[in-house]
Amino acid sequence: LLGGLLPLALLLLWQVAVQRAWLPEQILPPPSLVWQSLRELAESGELWGHLAVSLQRVGWSVLIGGSTGLLLGFAIGLSRQARAYLLPTFEVVSQFPVVGWVPLLIIFVGIDEALKIAAISIAVVVPVTVNTHKGIANIPQRLIEVARVYRFSALQVIRRVVLPAAAPSLFNGLRQGVMQAWLSLVFVELLASSEGIGYLMVWGRQLMQLDLVLVGVIVVGTVGVLLDLGLRGLERRFQRGALNAF
Amino acid sequence: MNRRLFSLLAAIGLAAAALPAAAQNKPTEIRIGVPSAGTGGRPLSGGSIYSTAHLIGTLEDEFKADGIKIKWIFFPGAGPALNEAFANNGVDFGGHGDLPLIVGGSTGLKRKIVLASSRFDDAYLVVPADSQARSLADLKGKRIATFKGTSGQLVLNRVLEKNGFTEKDFKVINLDTETQRAALATKDIDGAIVAPFDLEARGVAKVLLAIKDDRKIVGPGSFWVSEEFEKKYPQITQRVITGLVKAARWGSDEKNREKEFQLWGQAGTVPYIDYVKRWNGWALKDRLSPLLDENYVAAIKRSAEEAKRYKLIRREADVQSWIEPKYLNQALKDLQLEGFWTEFDADGKPKANRVAAGS
């Protein structure tokens, strides 16, 4: 409840700023206009079309980036050799922000859909890999020892020990990955798009319809919160499942 | 004798009293927004009356004695960026293509159109040199770039409509003019409406569709003053417009053709050769006419209707009420240029020359 105070205060400030004309109305449209535009876009279906395109991009990127991240994370976590070869490079590469990859990616994959998916995937790989690797590295040594006493095969170790013990961290990584994807999406869609939420925002700015930009901000924020809440819910359920495995 | 001396003294006194008032009534600088920039953001532009005025320094000469600085501000973000700057009170005068002029006006930006800055251009849909497309229909579903929110987007929409298409038949992406040219060379886009001849000469692109005979395909350029500035400094406003008309006169003179194209070509976004070829067969003074004639008014109204039809503006734009011809008329009178430029009708045909007799 208290968390709602700040947004309410901001809304109030926004309304006051508009009424007192602190900023020209072309730059800061009134909340009522933004609300109206939001409803118009939702009713015409345009908003859902853009949102579907954006979510699809995030979906593919999470699939590609997430599986790459899981593979990398497991390899680095489980194999000492892989760790020796891959970890230092990965640590350096993971420092680049997504924005920094874009010029290079444009040269390799052009400015089409591939650019968006590739850039967002990179944003997903890093948190997923790091968390997977950490999850595995932090498995208590005694669990492994117990498994050894029971003479588990490698596969059994992974299934019965590693996966359940690393699950919280794995999910944390995936959740961070999805959030990273969602955040990078908007930036990537600013470039050379013809659809998507980020595109809607650029479009609004080019035609001086700043209400569209603010609609975009609201949608990005809302979807982000919903995604996060949904993933947290899933995480909790899976964790309970993971505990039952012991 | 006494009376004469008295009146002389009185005149001096009055003049002295008027001086500080006059000093207050002039700005320290005049900020002029140009809705483009040269390659790499260089402060250069071409193809319009204000470009010529900037390049030959007409306004700088006009205001040197007053110590008023002319500050030219170039916007790589083109017309939309200039609208934002204007909304934030960052410019006093500005040039605009038809769409951003209408978009800005429709959101309630307060300014007056004081002269036409360019008109009658051709449009070329350009594709990469090895494109297999033979007609616009072959580009269906492919990537066409336009600088959204600029007059170029209206040109694209007109070209598409002329051929029975809309933006929805293609993937229309937003790139600035400079990037469009580069993206054609790297084949990252399948088409764009840009200046073709330099790209063609370099072998990186070719013309798919040329529209040369249509005086309605490219909207007119406009030059405006902010209402606030106009009210505060009417004399200065008049002098700026008179200065621009002088530049238009210079630019309309056929003996300056070569020189003018070279100056314009420096910007790079439309290279020299494109000016030479695209103005071939045109009298300079027909395309650089500052007149707010029947042709201008009809064209800008048409653009407003199109912007509404293509859903680029959401509010009505009462274009007629933005036009203020009195400064232009005064300048034409002062410079004895009435009748120098030919008036055109709504279809772009020269009107019978009855300027002196008429209004």
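The values are calculated or read from the model by the stated rules, or taken from the named source; none is laboratory data. Please read all numbers here as calculations on a predicted model, not as lab measurements. Glycine also receives a Cβ, built like all others from the backbone with ideal geometry; neighbour counts cover every protein chain displayed. With ligands, DNA and RNA removed, areas are computed over all heavy atoms of the protein, side chains included. Shrake-Rupley method; radii C 1.70, N 1.55, O 1.52, S 1.80 Å.
Output the number of residues of the range B:138-149 satisfying the condition of being open to solvent by less than 10 Å² (accessible area, probe 1.4 Å) and acidic (Asp, Glu).
Number of matching residues: 0.
Report whether or not residue B:201 is touching a residue at least 40 places away in the same chain (Cβ under 8 Å), open to solvent by 50 Å² or more (accessible area, probe 1.4 Å), more than 30 Å from residue B:348 (Cα to Cα) and away from chain A (no Cβ under 14 Å).
Yes, satisfied.
Determine which member of the set A:191, A:183, A:214 is within 30 Å of residue B:170 (Cα to Cα) and open to solvent by 60 Å² or more (accessible area, probe 1.4 Å).
None of the other options fit; the residue is A:183.
Test residue B:217 against the criterion of being outside any helix (DSSP H, G or I), touching a helix residue (DSSP H, G or I) at 6+ places or on another chain (Cβ under 6 Å), open to solvent by less than 10 Å² (accessible area, probe 1.4 Å) and away from chain A (no Cβ under 14 Å), and give yes or no.
For residue B:217, the condition - outside any helix (DSSP H, G or I), touching a helix residue (DSSP H, G or I) at 6+ places or on another chain (Cβ under 6 Å), open to solvent by less than 10 Å² (accessible area, probe 1.4 Å) and away from chain A (no Cβ under 14 Å) - is met.
Which residue is farthest from residue B:279 (Cα to Cα), if the candidates are limited to the range B:182-198 and must be open to solvent by less than 40 Å² (accessible area, probe 1.4 Å) and within 14 Å of chain A (Cβ to nearest Cβ)?
Step by step, filter the range B:182-198, then rank; the result is B:188.
Determine whether the range A:150-164 contains at least one residue that is open to solvent by less than 40 Å² (accessible area, probe 1.4 Å) and under 15 Å from the mean Cα position of the chain (by Cα).
Within the range A:150-164, none of the residues are open to solvent by less than 40 Å² (accessible area, probe 1.4 Å) and under 15 Å from the mean Cα position of the chain (by Cα).
Which count do you get for residues in the range B:69-81 that are open to solvent by less than 10 Å² (accessible area, probe 1.4 Å) and at pLDDT 95 or above?
Residues in the range B:69-81 being open to solvent by less than 10 Å² (accessible area, probe 1.4 Å) and at pLDDT 95 or above: 0 in total.
Look through B:315, B:302 and report the one residue that is part of a loop (DSSP other than H, G, I, E, B) and open to solvent by 30 Å² or more (accessible area, probe 1.4 Å).
After ruling out the rest, the residue left standing is B:315.
As an exercise: evaluate residue B:152 against (1) open to solvent by less than 10 Å² (accessible area, probe 1.4 Å); (2) within 17 Å of residue B:184 (Cα to Cα); (3) more than 10 Å from chain A (Cβ to nearest Cβ) and give the number of the one condition it does not meet.
(1)
I'd like the full set of residues that are under 16 Å from residue B:221 (Cβ atoms) and of a type in the set (A, V, I, L, M, F, W, C), limited to the range B:45-66.
B:49, B:53, B:55
So which residues in the range B:318-339 are open to solvent by 20 Å² or more (accessible area, probe 1.4 Å) and closer than 30 Å to residue A:205 by Cα?
Within the range B:318-339, B:318, B:320, B:321, B:322, B:323, B:324 meet the criteria.
Quick check: is even one residue across the range A:51-60 part of a helix (DSSP H, G or I), on the phi < 0 side of the Ramachandran plot, within 14 Å of another protein chain (Cβ to nearest Cβ) and touching a Pro at 6+ places or on another chain (Cβ under 6 Å)?
No - not one qualifying residue is present in the range A:51-60.
Where residues in the range A:16-25 are outside any loop (DSSP other than H, G, I, E, B) and open to solvent by less than 70 Å² (accessible area, probe 1.4 Å), which of them is nearest to residue A:211 (Cα to Cα)?
A:18
Would you pick out the residues in the range B:95-110 that are within 14 Å of chain A (Cβ to nearest Cβ) and open to solvent by less than 10 Å² (accessible area, probe 1.4 Å)?
Listed by number, the residues that qualify are B:96, B:98, B:99, B:100, B:101, B:102, B:103, B:104.
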